[in-house]
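**Q** Got a structure for you, written out below as C-alpha cells; questions coming shortly.
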Amino acid sequence: MSLIDNLGIVVAQAAPAEGGALLGMAPIILMFVVLYFLMIRPQMKRQKEHRNLVSALAKGDEVVTSGGLLGKVSKVTDSYITVEVAELADKPVEVVVQKTAVSTVLPKGTIKAL
C-alpha cells in the first residue's frame, strides 16, 4: 500500500496547476527585462550617440580615432575622412580613415596644447 501511496503523491506533484505554468515563466521573463535595461538599452544609446558624432564631423575638427591617432580633419567624404596628423617640411602628413573609426571629437586647440 505504501508503494501505491508514494506513486500517487509523485503523480500528483508532477501535474502542474494551470496558474503555475505562467508563474514558472516569470523568472525567465524577469531576466529578459533586466537584460534589456542593463545591457541592450544602454548599448543602443551609445550607438545612437556615436552615429550622431560621426554624422556631425566637419573640416577642422580635432579627433581621436579608435586606433589612438590624433589629428585634425582636413577632408570629409561619405564614408571616409582625411586626418592631418603632422607636418613634415611644411607639407601635411595625411591619413585616410573610415568615419566609424573616430572615437572622440576634441575641443578646438587641444592638439596645440599637447
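**Q** Rounded to the nearest 0.05, what FRET efficiency do Val76 and Arg41 give with R0 = 35 Å and r taken as the Cβ-Cβ distance? Could you check? Spell out each step's value before the answer.
**A** Numbers: r = 31 Å, r/R0 = 0.88.
Between Val76 and Arg41 the formula returns 0.70.
**Q** In addition: Working from the alpha-carbon coordinates of region 50-114, get Rg over Rh, Rh being the Kirkwood radius.
**A** Reported Rg/Rh, Kirkwood definition of Rh: 0.94.
**Q** Something else about it: Can you put Lys112, Lys45, Lys72, Lys99 in order of accessible area, largest first, using a 1.4 Å probe?
**A** On the way: Lys112 185, Lys45 135, Lys72 85, Lys99 30 Å².
Sorted by accessible area, descending: Lys112, Lys45, Lys72, Lys99.
**Q** How much net charge surrounds Lys99 when only other residues with a Cβ under 14 Å from its Cβ are counted (Lys, Arg +1; Asp, Glu -1)?
**A** +1
**Q** Please report the accessible area of Glu62 (heavy atoms, 1.4 Å probe, ligands and nucleic acids excluded) in Å², nearest 10.
**A** Its accessible surface works out to 10 Å², give or take rounding.
The values are calculated or read from the model by the stated rules, or taken from the named source; none is laboratory data. Nothing here was measured: the structure is a model prediction, and the numbers come from that model. So basically every Cβ, Gly included, is an ideal-geometry build from the backbone, and we count neighbours across all protein chains shown. To get the accessible areas, we keep the full protein, side chains included, count just its heavy atoms, and leave off ligands, DNA and RNA. Shrake-Rupley method; radii C 1.70, N 1.55, O 1.52, S 1.80 Å.
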